[in-house]
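To start, the structure itself, in structure tokens.
The values are calculated or read from the model by the stated rules, or taken from the named source; none is laboratory data. Everything quoted here is computed from the prediction, not taken from an experiment. So basically every Cβ, Gly included, is an ideal-geometry build from the backbone, and we count neighbours across all protein chains shown.
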Amino acid sequence: MDSDVILMQRIAHGDLLAFRRLVERHQKGLLNFIYRFTGDRLWAEDITQEVFLRVHKSAPYYKPKAKFSTWLFKIATNLCLNELRRKNLHNVSLTDPDHSEITLGHLLEKSKPDSILETRELSMAILDAIGALPEKQRVAFLLHRYEDKTYGQISEIMGCTVASVESLLFRAKQNLRKRLNGIWRTE
Amino acid sequence: MDCQDMGSKLSAFMDHELTAEEELRLKKHLEKCQKCMLEFEEMRAVWNLMGQIPAIEPSADFWDTLHTKLVPQKESPFTRLNKVAQSIWDTLKDLFGVRLKPGKAHTFSLDVFNDFPPESFGRVLYPMFLDKVK
Ligand SMILES: [Zn+2]
């Protein structure tokens, strides 16, 4: 199988098939990353396509300095953050009294003791909790939890120090724990 | 190492991001500190819980949609011809000082072409301009 870098070189020369292979290789991962970030399926698909359009456009100038996927997620992260600002989505903060400890408490009350939450409810609750994280914590957490990126890679993608990645991830986990308080005990 | 510094270190430990030395110190602390151990277990439980969102699939026409966005919309032959006509018109304008003014005058000057012989330049250009004027 061709490496991403080789595919990029072929794309730079106008090879559409190479582009298609690259898209097929990364579309699902990227889509899910963006979906978990935005919580909106259709929107996520739009942004994912935009990422690939940018990849295609910049193929002639692509220099394989970092790992390809690092570069890819850097584009995706910037787009997500820009899109979010553009759409001016209300970012629910954890300290917001109206939204503290939402849904999960209710979900737990509704469900019988010791029962496992419906998968759908559970994943909605998890997505909610992720969506409530401040942007940077959210990006760092998604990259780490679902994309298996190391602190070093995340710092490269986000353009910050490893120490701040450590701190972002710690705070993200704390916030998620507060938000999802108690839900794991039912399992 | 006391419980105060534990927070972000516990998190980094879970992520296998500590140096060997830090890891050793942290493990020693965990062995004798119930409170931090509990904290660590909860953190790990949340981590596992977060893994329970099913992945979504890209829509079936993902590539097709992307592909249409990728290939710039091909111009219709008419649009292309129209552009050629426009540039010819611009040249004519410069050469003979013909003026295209907005509004009625505009339509009027184009109507002049109608009187040209069928095979002439003006007759060919005319229908294309009509489209623009409307
Ligand atoms: Zn302790």
Filter the range A:5-50 down to the residues that are more than 9 Å from chain B (Cβ to nearest Cβ) and among the small types (Gly, Ala, Ser), then identify the one that is nearest to A:LYS87 (Cα to Cα). A:GLY39
Quick check, is A:LEU133 in contact (Cβ under 8 Å) with a residue 40 or more places away in the chain and within 11 Å of another protein chain (Cβ to nearest Cβ)? no
What's the total number of residues in the range B:9-25 that are out of contact with any His (no Cβ under 9 Å at 6 or more places or on another chain) and more than 16 Å from the ligand (Cβ to nearest atom)? 5
For the range B:1-27, pairs from a residue that is within 20 Å of A:LEU168 (Cβ to Cβ) and in the same structural domain as B:GLU39 (by TED's automatic domain parsing) to a residue that is within 12 Å of the ligand (Cβ to nearest atom) and not in a helix (DSSP H, G or I), with Cβ under 7 Å and 6 or more apart or across chains, are B:LEU26/B:MET1
Would you check which residues across the range B:26-58 are away from the ligand (no atom under 16 Å from the Cβ), surrounded by 14 or more Cβ atoms within 10 Å (Cβ to Cβ) and at pLDDT 90 or above and list them? B:ILE56, B:PRO58
Give the number of residues within the range B:1-58 that are in contact with a helix residue (DSSP H, G or I) (Cβ under 6 Å, 6 or more places away or on another chain), hydroxyl-bearing (Ser, Thr, Tyr) and more than 7 Å from chain A (Cβ to nearest Cβ). 0
Restricting to the range B:1-19, count the residues that are surrounded by fewer than 16 Cβ atoms within 10 Å (Cβ to Cβ) and part of a helix (DSSP H, G or I). 3
